[in-house]
Every structure is written in C-alpha cells, then in structure tokens.
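Notes follow once the structure below has been shown.
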Amino acid sequence: MMKAAVLEARGRDGLFLRDVAVPTRRPGEVLLKVHAAGLNRVDLYMRDNGQGITHSLPQIMGVEAAGVVVDADDDSGLRPGQKAVVYSNAFCGVCRYCVAGDQPLCRRAQIMGEHRDGGFAEYVAMPSRCILPLPDAADLVDAGALLAAYNTAWRMLFGKRALRPGETVLVVGVGGGVAVACLQLARNAGARVLVTSSSDEKLERAAELGASGGVNYRREKVARRILEMTDGEGVDLVIDSSGAASWDDSLRSLRRGGRLVTCGATTGSNPPADLQRVFIRQLEIYGSTGGSIEECRQLLAVVAAGGIKPVIDRRFALADLPAAFDRLERGEQFGKIVVTMT
Ligand SMILES: [Zn+2]
C-alpha cells in the first residue's frame with residue numbers, strides 16, 4: 001500500500017490522504033518512486049470546479065512528479081535507481097500532432113493527475129516515453145517543480161515565435177510559478193524583463209531575479225508606466241495568464257507589431273477583444289499550454305548546465321497538502337509550491 005492524495009468530491013473537503021494500492025506497472029510503463037511533485041493552479045481548479053476536465057472521481061491528484069525509477073522494461077533505456085522526471089502528458093504518439101513532435105496538441109492526451117493516477121502519491125506508473133532521465137546530480141525537489149510551470153514558460157517564450165536577445169518582455173502578475181519561470185528564462189536568454197504585481201514585496205523579489213522594472217497594478221496605471229519604461233515604444237512580448245483583468249493593459253503595453261501570449265484566464269476569459277487596436281497596430285495574439293517533449297529536453301539541458309534554478313516558494317509534506325492548497329489559493333507564493341513524499 002502507499003499514501004496518496006485522492007480527490008473524492010469537488011471542493012476543499014473532498015480531498016483525502018488515503019492508503020491505496022501501489023500502481024501495477026504494465027508492459028511499456030515505468031514505476032517511479034515519487035520524491036517531489038509541484039502544486040499548480042490546475043490542481044486548485046480541478047479540486048474546486050473541474051469544468052471542462054473530462055475525468056471521473058475519485059482521482060489521485062498531482063500533474064508533476066520527480067523521483068527514482070523502481071521498475072522498467074529492459075529495453076526502456078531506464079534502470080532501477082535512476083533519477084527521472086515525468087512528462088505528465090501520456091500522449092498517444094500516433095496522431096498528426098504527436099507525429100509532428102507537438103505532443104501538447106495530442107488529440108488523445110491523458111494527463112497524469114487529471115485522467116490517470118497523479119504524482120501526489122508515493123508511487124506512480126507512466127508510459128516509459130513519458131519518463132525523462134535526469135543526471136545523478138539532479139535535485140529532485142527542483143525537478144518536481146519544473147515541468148508544469150517552466151516547460152509552459154519555455155514554450156511561451158521560445159515555442160511559436162522565439163524570443164530574441166535584447167527584446168523586452170512584460171510578465172503580468174509575477175509570483176505565480178509560470179510568471180516567475182518566464183522571468184528567469186527570459187533573463188537567461190538575454191531579454192529585458194518588466195513585471196507587474198499587486199505586491200511590492202513580489203516586485204522586489206522579481207528585481208532580485210533580474211527584472212529591470214516593476215509596476216504595482218493596485219497603485220499605478222500599468223500601460224502608462226510600461227510605455228514610460230520603454231521610451232514610449234511598448235514591449236515586444238507580453239506574457240499574460242491573468243486574462244480579463246489585465247487584458248486591456250497588456251494590449252496597450254505592446255509595441256507596434258508586438259505579440260501577446262496567453263496561458264491562463266484566472267480573472268475571466270472574455271475580455272473586450274479591441275480588434276481595431278489588434279489590426280491597426282498589427283499585433284499577434286496566441287495561446288499556449290504545456291510544452292513538447294523536445295521543449296522539455298531543452299529546458300532540462302539548461303537546468304543541468306546551471307542556466308537556471310527553479311524558485312521554490314515552500315515545501316509541504318504530502319499530509320499537509322490542504323495547507324499547500326490554501327497558500328496557492330491566497331496567492332501568497334512566489335515561485336513553486338512543492339509537495340514532498342519522503
Ligand atoms: Zn497524439
């Protein structure tokens with residue numbers, strides 16, 4: 001038996017720490033002993049609402065996991081004792097998107113922690129194509145915090161339209177995992193980064209990570225301040241996971257021909273489109289979610305080379321998962337909240 005966080009009904013009171021059977025590894029799968037797993041906004045959404053996620057309860061939660069291989073097929077290239085991190089999308093491998101290497105668009109994606117047993121557990125079994133080996137020196141807590149926020153950030157910055165050195169990026173609402181990841185990765189790529197937050201403390205933390213300007217959106221007019229900081233030009237790229245509340249400022253902060261990437265809509269998903277601004281200023285707006293296996297490989301290589309180290313906000317033991325959710329729900333975190341199993 002093993003301990004696992006099981007969602008049995010929607011809402012805060014529907015999440016339980018249970019003793020459940022250790023997953024049975026099927027051929028083609030790897031059994032991983034989980035060391036750490038990041039907590040993400042999607043977990044909170046799934047716990048409390050879950051609309052649009054096609055799954056049935058009960059469900060072991062957790063869309064991330066890093067740990068040590070316990071058992072794998074001989075021909076998997078993975079050996080027991082090896083450190084590894086899970087690519088949480090059990091992609092089909094045969095649809096047109098998978099064949100093109102674009103796994104986040106897979107038509108038959110099965111996400112760990114949403115459609116399959118998740119990482120908030122002592123063990124997890126996933127297809128071996130989703131198990132990415134790590135160097136022996138890898139920090140498993142860091143690794144457990146990487147593949148949701150940092151891989152999402154990677155694809156937003158370097159996926160469809162690659163960020164170039166010297167460009168200016170505006171990261172909206174710095175503090176959340178994806179926003180902090182975008183700040184770090186954009187800095188590492190030689191870009192100038194501006195941020196917004198409602199908290200002066202978070203703006204200071206962002207400055208320590210290399211942000212060259214911050215706007216407190218509770219006190220200041222965001223677009224006006226961003227234009228001041230860019231000699232009236234506007235930024236090349238806006239990263240917005242907030243949605244309705246920030247959308248107008250995000251569009252107004254872009255330079256002519258600039259681009260906006262959205263990966264979330266926590267404040268609402270139907271802001272005014274402002275189409276006149278979009279076509280006259282020839283803006284590009286596109287969506288992004290997750291990242292591909294190849295993007296994961298690139299990210300892991302940058303981490304292994306010491307390019308970036310994920311910002312860990314706080315660690316919680318599995319038994320304290322409700323408190324971890326509370327911290328995420330109150331938006332108190334800066335960086336990643338991580339749940340450790342051991
Ligand atoms: Zn597919």
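Throughout, read-outs are computed from the coordinates displayed, never taken from laboratory work. Source: prediction; values computed, not measured. Virtual Cβ from ideal backbone geometry, glycine too; neighbours counted across all protein chains shown.
If I ask for residues that are more than 19 Å from Thr340 (Cβ to Cβ) and of a type in the set (Gly, Ala, Ser), which ones from region 26-45 would you list? Passing the criteria: only Gly28. Across region 99-108, the number of residues qualifying as in a loop (DSSP other than H, G, I, E, B), more than 7 Å from the ligand (Cβ to nearest atom) and surrounded by 11 or more Cβ atoms within 10 Å (Cβ to Cβ) comes to 1. Hey, does region 27-43 have a residue that's free of Cβ contacts under 8 Å to residues at least 40 places away in the same chain and more than 16 Å from the ligand (Cβ to nearest atom)? The answer is no; no qualifying residue exists.
Could you grab me the full set of residues in region 207-247 that are buried (at least 17 other Cβ atoms within 10 Å of the Cβ) and of a type in the set (Asp, Glu)? The answer is Asp236, Asp240. Part of a loop (DSSP other than H, G, I, E, B) and in contact with a Ser or Thr (Cβ under 6 Å, 6 or more places away or on another chain): does that describe Arg155? For Arg155, the condition - part of a loop (DSSP other than H, G, I, E, B) and in contact with a Ser or Thr (Cβ under 6 Å, 6 or more places away or on another chain) - is not met. Checked against (1) more than 14 Å from the ligand (Cβ to nearest atom); (2) surrounded by fewer than 20 Cβ atoms within 10 Å (Cβ to Cβ), Gly144 passes all but a single condition, namely (2). Number of residues in region 109-138 that are surrounded by fewer than 18 Cβ atoms within 10 Å (Cβ to Cβ) and part of a helix (DSSP H, G or I) equals 1. Among the residues making up region 59-98, those that are more than 16 Å from the ligand (Cβ to nearest atom), in a loop (DSSP other than H, G, I, E, B) and within 18 Å of Arg297 (Cβ to Cβ) are Glu64, Ala65, Gly77, Leu78, Gln82. Just to verify a result, which residue in region 197-218, among those that are of a type in the set (Gly, Ala, Ser) and outside any loop (DSSP other than H, G, I, E, B), is farthest from Ile239 (Cα to Cα)? Applying the filter and picking the extreme gives Ala207. Only one of the numbered conditions (1) closer than 23 Å to Gly175 by Cα; (2) more than 20 Å from the chain's Cα centre (by Cα) is not met by Gln276, and that is (1).
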